[in-house]
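The values are calculated or read from the model by the stated rules, or taken from the named source; none is laboratory data. Since we're looking at a predicted model, the values are computed, not measured. Neighbour counts are summed over all protein chains in view; Cβ atoms, including those assigned to glycine, are modelled from backbone coordinates with ideal geometry.
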């Protein structure tokens, strides 16, 4: 039976971690993810979990400890944000390359400089090519649910998973939430029995060895293949989760999109704001809709382009800027997929919300108004826009 609670995003994730009861959690504090290991350390101290909690001296050390524990056969988790994730960068690639099912919770925060402690997606977008599966969450419920599902996804795919949600907006805001019973979580994720691990006395293996010209390419191809295969694993685990909770997740969520003429693609908490805007426009007879990716790694490029094919104008919204003199990362990847699918829709890019700049329904409304102009004229005067920035 579902348990009704009121929790912040960080509390919800720490509660999920308590129910998962991992073998090892290694973490170093950084705003706005600090509360996650803080809450979890209380569960360790009072004996609620049997986890070995390692308070390390840096985020690089946190991921290093996670890699060691996972290689030894443990179920392992950590949490970080922003510069902390950047400090892990070297070890993120190693965790993925060694095919270790580590769970990393990222309370999204802007990357410096200048120093900023508030939300955008520059940290996780910067890490998008490290080999981690990336799941994005609109609200506290999704953060809790994705944390639980991430364990099963990671262990089936043999890939690490990054669960991303908006710092402060989701991490510190309190919302009503439905929790699973402890026993339900335990039964859902099951016991972790890795096929290969360093402490297995019956089989000696080497992990992370030197690989030169004759084998390195093959290792990386296997990693790429695992990411391709993870798409079906995410769908399978989501289906299994729906049977237990009634909450359905896939690779993405579409909202009022089936008959939409103008639409946007947007991640995380801003999707909630955009849904309110869609409702306002629908009440006025405007056929607006949106698509919210849940998985960005793997990128469900075939499925997403198929959902967008009937639009007359599209805006792809990035809460990060690639600083590439062209566009944000979400725009680049989805328009590339559209080109491959021979999908010719007038498409523009909006970079928004950097450093925690507030985004309201009125701001999203200006995006839809621009799309209505493009749908009417069929012309794009400018591809990349910065939303609500002072010139």
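Some points to look at:
Residues checked against (1) farther than 19 Å from residue 160 by Cβ; (2) surrounded by 10 or more Cβ atoms within 10 Å (Cβ to Cβ); (3) assigned by TED's automatic domain parsing to the domain that holds residue 49; (4) in contact (Cβ under 8 Å) with a residue 60 or more places away in the chain:
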position	(1), (2), (3), (4)
199	yes, no, yes, yes
203	yes, no, yes, no
207	no, yes, yes, yes
213	yes, no, yes, no
223	no, yes, yes, yes
231	no, yes, yes, yes
234	no, yes, yes, yes
237	no, yes, yes, yes
241	yes, yes, yes, yes
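- Hits in the stretch 44-56 (condition: within 26 Å of residue 123 (Cβ to Cβ) and touching a helix residue (DSSP H, G or I) at 6+ places or on another chain (Cβ under 7 Å)): 51, 53, 54, 56
- Among the conditions (1) over 26 Å from residue 154 (Cβ atoms); (2) in contact (Cβ under 8 Å) with a residue 60 or more places away in the chain; (3) loosely packed, with under 13 Cβ neighbours inside 10 Å, the only one that residue 284 does not satisfy is (2).
- Meets criteria (at pLDDT 95 or above, surrounded by fewer than 24 Cβ atoms within 10 Å (Cβ to Cβ), in the same structural domain as residue 226 (by TED's automatic domain parsing) and farther than 21 Å from residue 188 by Cα) for residue 42: yes
- Unique residue being buried (at least 21 other Cβ atoms within 10 Å of the Cβ) and farther than 19 Å from residue 164 by Cα when the list is 314, 267, 372: 314
- Members of the stretch 266-306 found to be in a loop (DSSP other than H, G, I, E, B) and within 19 Å of residue 346 (Cα to Cα), listed by number: 266, 286, 287
- Only one of the numbered conditions (1) more than 22 Å from residue 17 (Cβ to Cβ); (2) within 14 Å of the chain's Cα centre (by Cα) is violated by residue 108, and that is (1).
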